[in-house]
Amino acid sequence: MLNVVKCNAAYDGVPALVDVSFNIKEGEIVTLIGSNGTGKSTIARLVSGLIKASSGTIEFCGRRIEKLPAHEIVKLGLVHVPEGRHVFGKLNVKENLLLGAYTTNDEAEVRKRLDLVYKLFPILKERMYQKSWSMSGGQQQMLALGRGLMSNPKLLVLDEPSLGLMPVLCDELFAAIKKINEEGITVMLIEQRVLEALELCDRGYVIQNGRIVMEGTGSELIESDTVKKAYLGM
Amino acid sequence: MILQLLTGGVLLGCVYGLVSMGLSLIYGVMGIVNFAHGALVMLAMYVSYWLNTYVSLDPVIGTPIIALIMFGFGMILYKLVIKRVLKGPFLARMLVTFGLSIFFINMAQFLWSPDYRNIQGAISKGTFMLGSVFIELPKLVASVGSLIVAALIYWFLRKTKTGLAIQAISIDRSAASLMGINLEKLNAIAFGIGIACAGAAGSLLASYYYIFPDVGTMFGLVALVAVALGGFGSTEGALIGAILIGIIETLGGFYIGPEYKYALIFLSYVLIVIVRPKGLMGWGAD
């Protein structure tokens, strides 16, 4: 479904990604793990078109997307929920969700998606008219996820959704990601909570210094020495 | 007397408010301060004048038409000039509208001479007494008209999909593009609406104000102060800031002396910004 081949990217001339290649198949949960500043978020920004690769190709559902602007990529069903949530604070919950469905003009379709989001996150229905800046971090994360779902994703790219959440909320979040996947949505999950992410995923990639250094199924990676030593503290 | 001055201040402030809303909207969405805003008010006044002269269109009745013309002009201006400097260095973004302002003012002087003109026989004219307050009808019409346009903009930004998208851009550009919002397209629309505000204000003013090439300068400056006062990026803050300025101007002009009225505006601006750097209702887009 997503096929990234030999992508390079740089910020102001400083290389951030070096020959990154990976793929995601329909229906999977694929996780990218690695410590801070290794280029995980850069990969998310690259596939969603917020930054452009200096070389390499990205193919999504059979289409080359590496040159498309971000707002066109959303329409194809590749939806990026950015790190740090980035909800529209001044707007209320419902307005945030409606913006997620910006690319569709079919009102029935919008209502259908709203129902799905409210079913997954009942709290968002309760807080429909609350300004989103006034919600807790966990609720804002649910809103960011819900807003991503409103874009009708085929592939949902989640960048550090657990960032700043307390442990009990993290469990809830990972359960929600699993439910989203069961709705038929492919998930690319970028995480620093390595163990939880690897337990949840079908496959994973390990990133160090802008390169992909390992790949495997979740259980393979949990068992590997590199991952154990570097990320699980064992 | 105080009631008379307050009324005058509020009436003036409403028109300032409309000019300021446009300025604030443009700043909020694309982060540029439109120094040409006053010059565009002036252009709209001339358009109003020529339409009145050649097709006897009354400036007040013609307001929607002039707003529409200026909307189109704003979109063209965005596509020809603004768009090109948005990605450029900070100084280019700062100075481009300043340059446009000088260009428009000098163009007006060159094409239409520096003479003062005014529109004869506008339908809104005369005065009446409301209790003890003496009201000039053209000013009342202009301020009510400004409030109507302001309310329309407010409604548009909050209740329509395009309006919501414009708000989203002013809150968080990159998140907005992740929603599938085409920033370029919406920038152009927002710029057009901002200029349409200046246009509507210009047309309403044309019914009683003298029209000359430099007429917009003070409106532009006052609007800048109003926007800073109300908080950059907040359209309703700009309206409130502008009404405050209208009141300060008339009260100060009367009690302290007309020669100090603008000094007072800028002084109160400095004081408020020292106390509240983000303005009265500022959210501060960046």
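The values are calculated or read from the model by the stated rules, or taken from the named source; none is laboratory data. None of the values given here were measured: they were computed from a predicted structure. No Cβ is skipped: glycine too gets one built from the backbone with ideal geometry, and neighbour counts run over all protein chains shown.
Within the stretch B:40-70, the set of residues being under 12 Å from the mean Cα position of the chain (by Cα) and more than 30 Å from B:Ile181 (Cβ to Cβ) comprises B:Met42 only.
As for the stretch A:74-82, it holds at least one residue that is more than 7 Å from chain B (Cβ to nearest Cβ) and over 22 Å from A:Tyr118 (Cβ atoms). The set of residues in the stretch A:28-61 that are surrounded by fewer than 22 Cβ atoms within 10 Å (Cβ to Cβ), part of a loop (DSSP other than H, G, I, E, B) and within 14 Å of chain B (Cβ to nearest Cβ) comprises A:Leu50, A:Ile51, A:Lys52.
Given A:Val74, A:Val79, A:Val30, which one is within 30 Å of A:Lys228 (Cβ to Cβ) and touching a residue at least 40 places away in the same chain (Cβ under 8 Å)? Lay out the reasoning, then the answer.
On the way: A:Val74 fails: within 30 Å of A:Lys228 (Cβ to Cβ); A:Val79 fails: within 30 Å of A:Lys228 (Cβ to Cβ).
Just a single option satisfies the conditions, and that option is A:Val30.
Of all the residues that make up the stretch B:110-119, how many are part of a helix (DSSP H, G or I) and either loosely packed, with under 14 Cβ neighbours inside 10 Å or without any contact (Cβ under 8 Å) to a residue 60 or more places away in the chain (or both)?
Let us first name the residues in the stretch B:110-119 that are part of a helix (DSSP H, G or I), namely B:110-112.
After this cut, where a residue has to be either loosely packed, with under 14 Cβ neighbours inside 10 Å or without any contact (Cβ under 8 Å) to a residue 60 or more places away in the chain (or both) as well, the list is B:110-111.
Number satisfying all stated conditions: 2.
Taking (1) farther than 21 Å from B:Tyr262 by Cα; (2) assigned to a helix (DSSP H, G or I); (3) in contact (Cβ under 8 Å) with a residue 12 or more places away in the chain in turn, B:Tyr54 satisfies each apart from (3).
For every residue, the table says whether it meets (1) farther than 30 Å from A:Ser35 by Cβ; (2) more than 20 Å from the chain's Cα centre (by Cα); (3) of a type outside the set (A, V, I, L, M).
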site	(1), (2), (3)
A:Tyr118	yes, no, yes
A:Arg127	yes, yes, yes
A:Gln140	no, no, yes
A:Leu149	no, no, no
A:Lys154	no, no, yes
A:Leu158	no, no, no
A:Leu163	no, no, no
A:Leu169	no, no, no
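All conditions but one from (1) surrounded by fewer than 19 Cβ atoms within 10 Å (Cβ to Cβ); (2) modelled with pLDDT of 95 or more; (3) among the β-branched types (Val, Ile, Thr) apply to B:Val33; the one that does not is (2).
Of all residues in the stretch B:162-193, those that are more than 22 Å from B:Gly237 (Cα to Cα) and in contact with a Leu (Cβ under 8 Å, 6 or more places away or on another chain) total 6. Candidates in the stretch A:86-127 are the residues that are touching a residue at least 40 places away in the same chain (Cβ under 8 Å) and of a type in the set (Gly, Ala, Ser); of these, the one that is farthest from the other protein chains (Cβ to nearest Cβ) is A:Ala101.
Does B:Ile240 fit the bill of being surrounded by fewer than 24 Cβ atoms within 10 Å (Cβ to Cβ), touching a helix residue (DSSP H, G or I) at 6+ places or on another chain (Cβ under 9 Å) and more than 22 Å from B:Leu152 (Cα to Cα)? So B:Ile240 fails the test. For the stretch A:65-119, residues that are in contact with a His (Cβ under 9 Å, 6 or more places away or on another chain) and among the aliphatic types (A, V, I, L, M) total 3.
Please state which one of B:Ala206, B:Ala200, B:Ala242 is out of contact with any strand residue (DSSP E or B) (no Cβ under 7 Å at 6 or more places or on another chain), modelled with pLDDT of 95 or more and of a type in the set (A, V, I, L, M). Reasoning before the result, please.
On the way: B:Ala206 fails: modelled with pLDDT of 95 or more; B:Ala242 fails: modelled with pLDDT of 95 or more.
Just a single option satisfies the conditions, and that option is B:Ala200.
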